[in-house]
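Structure, as structure tokens:
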Amino acid sequence: MEQTFIMIKPDGVQRGLIGEIIGRFEKKGFTLKGLKFTTVDRSFAEKHYADLSAKPFFPGLVDYIISGPVVAMVWAGSKVVTTGRKIIGATNPAESAPGTIRGDYAIDIGRNVIHGSDSVENAKKEIALWFPDGVTEWQSSLHSWIYE
Ligand code: RTP
């Protein structure tokens, strides 16, 4: 099964959205494979967002991510990378559809509550970075009620 890396950013944690966000992925039918409540330091955040290091918003983005605890997760399921991005909504909450996490809970692009991998390849890299010891391999007993 495909896997994706999802992170509830510090604003999502501070605003009490952990349960709401996990609930949306659970209720969709995806399977939780890894979960860590943690803070990260500057060099780790810079590694996670290395692709954006040339962007003008990069220093502010790193400050934001290290400003408080985050919830790092691995979710598994069919097409979980693209579907996860749909559940999250567009990067800029002003353009995120109502019903998406960012559409429902965020206003500012620099406080957009959640991160989700944008490709299967990046998901693999992010999972390796955040969960170097691997994830928990198990299969939900609901599997046959979710997949044909
Ligand atoms: P993410 O990686 O957090 O899931 O977001 P994304 O793929 O939807 O967007 P990306 O382009 O990778 O940007 C990463 C995060 O940087 C912040 N950002 N700020 N001020 C700005 O113009 C700006 N653009 C992006 C956002 O927090 C975005 O999620």
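The values are calculated or read from the model by the stated rules, or taken from the named source; none is laboratory data. The model shown is predicted, which means the values in this text are computed figures rather than measured ones. Quick reminder, even Gly has a Cβ in these numbers, built from the backbone with ideal geometry, and neighbours come from all protein chains shown. The accessibility values were calculated without ligands, DNA or RNA, using every heavy atom of the protein model including side chains. Shrake-Rupley method; radii C 1.70, N 1.55, O 1.52, S 1.80 Å.
Being assigned to a helix (DSSP H, G or I) and within 11 Å of the ligand (Cβ to nearest atom) holds for only one residue in G84, G23, G103, G19, and it is G84. If the condition is being assigned to a helix (DSSP H, G or I) and either within 10 Å of the ligand (Cβ to nearest atom) or touching a strand residue (DSSP E or B) at 6+ places or on another chain (Cβ under 9 Å) (or both), then the stretch 87-100 contributes I87, I88, P93. The requirement of being within 19 Å of Y64 (Cβ to Cβ) and away from the ligand (no atom under 11 Å from the Cβ) is not satisfied by Y147. Scanning the stretch 38-55 for residues that are within 15 Å of P132 (Cα to Cα) and either away from the ligand (no atom under 16 Å from the Cβ) or surrounded by fewer than 11 Cβ atoms within 10 Å (Cβ to Cβ) (or both) turns up just one, T38. Quick check, is V62 over 18 Å from I21 (Cβ atoms), of a type in the set (A, V, I, L, M, F, W, C) and more than 13 Å from the ligand (Cβ to nearest atom)? In short, no.
The set of residues from the stretch 106-143 being assigned to a helix (DSSP H, G or I), open to solvent by 70 Å² or more (accessible area, probe 1.4 Å) and either within 20 Å of G23 (Cα to Cα) or of a type in the set (A, V, I, L, M, F, W, C) (or both) comprises just one member, I109. Pairing each residue of the stretch 109-127 that is near the ligand (Cβ under 6 Å from one of its atoms) with any residue that is open to solvent by less than 40 Å² (accessible area, probe 1.4 Å) and part of a helix (DSSP H, G or I), provided the two are 6+ apart or on different chains, yields C-beta distances under 6 Å for N112/P93; N112/R102; G116/G84; G116/I88. The set of residues in the stretch 63-88 that are more than 21 Å from P132 (Cα to Cα) and either buried (at least 21 other Cβ atoms within 10 Å of the Cβ) or out of contact with any Pro (no Cβ under 9 Å at 6 or more places or on another chain) (or both) comprises D63, S78, K79, T82, T83, G84, R85, K86, I87, I88.
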